[in-house]
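In what follows, a structure is listed as structure tokens, so that the remarks can point back to it.
The values are calculated or read from the model by the stated rules, or taken from the named source; none is laboratory data. For clarity, every value in this text was computed on a predicted model and none was experimentally measured. Cβ sites come from the backbone with ideal geometry, for glycine too, and all protein chains shown count toward neighbours. Note: accessible area is taken over every heavy atom of the protein model, side chains too, but ligands, DNA and RNA are not part of it. Shrake-Rupley method; radii C 1.70, N 1.55, O 1.52, S 1.80 Å.
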Amino acid sequence: MFDSLSLTRIPADDEALRAPVRAFLDKALEGVAPEVRARSWGGFDAAFSRALGERGWIGLTLPKEYGGGGRSLYARFVLVEELLRAGAPVAAHWFADRQSAPHILKFGTPAQAQFHLPRICRGEVFFCIGMSEPGSGSDLASVRTRATRNDKGWRLDGQKIWTTNAHRSHYMIALVRTSGDAGSRQKGLSQVIVDLSLPGITIRPITDLTGDAHFCEVFFDGVQLTDDALIGAEGDGWNQVTSELAYERSGPERIYSSVVLLDEWLAHLRTRREPSQRSLALAGRVLSALAVLRSLSVSVNGRLAEGESPIVEAALVKDLGTTLEQFIPEAIADALGDDPDATLPDGLARTLQYVSQIAPAFSLRGGTREVLRGMIARGLGLR
Amino acid sequence: MDNEFGDAFGQLLADRCTPEAVRGIERGEGADALWHDLVESGFVDALVPEAQGGAGLSLHEVLPLVQACGYHALPLPFAETMAARAVLAHARRQWPDGPVTLDAIGDALPVEDRGALHAALTTAQIAGAAARVLEMSIAHAQQRTQFGKPIGSFQAVQHQLSVMAEHACAARMAAQLSFASASHLPDRTLAAMGKSVAGEAAAVLAAGSHAVHGAIGITAEFDLQLYTRRLLAWRVQGGSPSHWAMQVARQWWSGSHDRAIDFTLERLGAARF
Ligand SMILES: Cc1cc2nc3c(=O)[nH]c(=O)nc-3n(C[C@H](O)[C@H](O)[C@H](O)COP(=O)(O)OP(=O)(O)OC[C@H]3O[C@@H](n4cnc5c(N)ncnc54)[C@H](O)[C@@H]3O)c2cc1C
């Protein structure tokens, strides 16, 4: 069962990327507070993204002819691992880098690729992912936003929600209905690239429980798209979106969301002369789990690098990973609360508060735990 | 990680170490015949250097053999004997004939290495038995019907099996890390990390498989118990998950890395496979 997930080596020349990336990040993030770094791929900083773009660290795996780095998925794994380790504010370019750009390369026309990819690689243009709608979350195939053919191209009507960074992005790749109705399910879905500056689009940020506003409601009211807005084949949207999700679910961001908190806590333990046995046992447990998860994540990355589409394996590693991500704040809070009279360093206290509050999102974004477990069950032959 | 010796040895155990054979040995009916076949196969000297008559394999190459012991609930210390012979051979000592436990190593190895070896062997056997109980549970869920449908069509059962699959996968990777060595001995940290994770997985797989099987799973007559009893025993033999988590933490404490990823990457860097 899942025998394909074997210990996988990152090639040495890809591993060699780690040192320059780390040197850059150490400098760029010097003095940034841990509760800010803990946001990492939720943290938006356009200037930072452009600085990465200048170094060739966006679109690392894209072909050089499109401004990419022409590197392997292993190199990207190393880059991403370093960005997450540092808690870099990568949200601006994250979604384009992770999924929109590879998606355009795979399904788009040469003209679409020529137009979008170089800008993405320079960190000038940001994308968001328009899948969820008010009535369509886990049941994504029920989307109602509709693109209707007309003489100028497509007319777009409907609404998306939870669209991360829609208010700060230039484009959205939206999953829309181009024929049939919600009852037609997977049939009749397509994907379109939407220029978010077009008339008829209203974007409203939604504030989350920590006070951040990263995701949005997006309304489309008679938005006129040109003919070339369609990406891939009309009616093939469901297949396309499924292949996109393997990229969305497999990365190290699904195991490291609490790692800045973990590091703050480990650094705090170091300041003790003798940490409690309980704290040490917890540290050892988490470090062991991380070693195994990281190995599994590299191995899924290896499957992707081989050109496979390990959808079930990615779901499996994401569920294991987000479980650890959510365990970390809960367990650290409990361990620290062992000594109710001790004062915590401010940075640790604020980071713990932030990560504890946002942790429920870890197993929702990118497909809920229950949905992933359903996919794994299908992989086991149970559905 | 899978290889030809693994397949050949697995076939041997599938033929000779059947559930009936396991029960017979547990009843005290004697294991000489099975042991004889295992020795004849030559695998027991897999880790002994070629100059001393062995196959000169390294630990990562014999992982499939040890996993197979777990998968087939082998009631004999084949893995321990294989490891002890290798240690004694490297120490230029004689090894006793017949099956032995790691006690046979005596002072031929520092206690830390012996502990790590024990952890690695139990981890790999957990990975094997985990795969077995997962397969049995899936098969049962597909075949047993209640309320007019296979119980595997109920979402609560599906999710339980999915979680078991995740932990079986984690145990398998933990075993690969524990055995990721080019010598006959595991890396101490990787073995500690592996056992900490596999020990937790063992509990999930044992509990989950019994839940899915219902009452039949706890009968002596049904085969599931052959594997779950061992999963629970291997979980603590050679050190419980907490014991090994503490060892990992001590290594972190005595090292210089504060960042979790730095420590993890440094230790994963010791993997040879
Ligand atoms: C921080 C964050 C960022 C996000 N960013 C984006 C984005 O950029 N773009 C985008 O398109 N979406 C985004 N999402 C949305 C995300 O993909 C959805 O939240 C997710 O798919 C679940 O949909 P829902 O919230 O409507 O919950 P629902 O689907 O209503 O689910 C509610 C609960 O019911 C359970 N449930 C639903 N159906 C089943 C079933 N069949 N069996 C068992 N349980 C079930 C779910 O598991 C969950 O526990 C984001 C979400 C978060 C939290």
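Key figures
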| read-out | value |
| --- | --- |
| Tally, over segment B:22-36, of residues that are surrounded by 14 or more Cβ atoms within 10 Å (Cβ to Cβ) and more than 16 Å from B:ALA220 (Cβ to Cβ) | 3 |
| Lone qualifier among A:THR145, A:THR164 - being within 15 Å of the ligand (Cβ to nearest atom), under 19 Å from the mean Cα position of the chain (by Cα), under 28 Å from A:THR109 (Cβ atoms) and away from chain B (no Cβ under 14 Å) | A:THR164 |
| Any hit, segment A:117-128, residues being more than 26 Å from A:ASN301 (Cα to Cα) and either open to solvent by 20 Å² or more (accessible area, probe 1.4 Å) or within 12 Å of the ligand (Cβ to nearest atom) (or both) | yes |
| Residue identified as open to solvent by 30 Å² or more (accessible area, probe 1.4 Å), away from every other protein chain (no Cβ under 12 Å), of a type in the set (A, V, I, L, M, F, W, C) and closer than 17 Å to B:HIS60 by Cβ among B:ALA182, B:ALA203 | B:ALA182 |
| Flag if A:ARG278 is within 14 Å of chain B (Cβ to nearest Cβ), open to solvent by 50 Å² or more (accessible area, probe 1.4 Å) and free of Cβ contacts under 8 Å to residues at least 40 places away in the same chain | no |
| Helices (runs of 4 or more DSSP H) completely within segment B:24-100 that count 3 or more residues being among the acidic types (Asp, Glu) | B:32-40 |
| Members of segment A:23-42 that are buried (at least 17 other Cβ atoms within 10 Å of the Cβ) and within 19 Å of A:ARG76 (Cβ to Cβ) | A:PHE24, A:LEU25, A:SER40, A:TRP41 |
| Matching entry among A:LEU52, A:LEU60 (being open to solvent by less than 20 Å² (accessible area, probe 1.4 Å) and in a loop (DSSP other than H, G, I, E, B)) | A:LEU60 |
| A:ARG71 within 14 Å of chain B (Cβ to nearest Cβ) and either in contact with a Phe, Trp or Tyr (Cβ under 8 Å, 6 or more places away or on another chain) or surrounded by 17 or more Cβ atoms within 10 Å (Cβ to Cβ) (or both) | no |
| Test: B:ASP7 is of a type outside the set (Ser, Thr, Tyr) and farther than 28 Å from B:ALA191 by Cβ | no |
| Close pairs from segment A:85-101: first closer than 13 Å to A:LEU60 by Cβ and in a helix (DSSP H, G or I), partner of a type in the set (D, E, K, R) and open to solvent by 10 Å² or more (accessible area, probe 1.4 Å), Cβ under 7 Å, at least 6 apart | A:ARG98/A:GLU248 |
| So B:ALA86, is it more than 30 Å from B:ARG27 (Cβ to Cβ), open to solvent by less than 30 Å² (accessible area, probe 1.4 Å) and either within 16 Å of the ligand (Cβ to nearest atom) or away from every other protein chain (no Cβ under 14 Å) (or both) | yes |
| Residue selected from segment A:350-372 under the condition within 19 Å of the chain's Cα centre (by Cα) and within 14 Å of another protein chain (Cβ to nearest Cβ), by the criterion surrounded by the most Cβ atoms within 10 Å (Cβ to Cβ) | A:VAL355 |
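Residue-by-condition table, conditions (1) assigned to a helix (DSSP H, G or I); (2) at the interface with chain B (Cβ under 9 Å from one of its Cβ atoms); (3) over 16 Å from the mean Cα position of the chain (by Cα):
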position	(1), (2), (3)
A:SER309	no, no, yes
A:THR323	yes, yes, yes
A:GLN326	yes, no, yes
A:PRO340	no, no, yes
A:LEU348	yes, no, yes
A:ILE376	yes, yes, yes
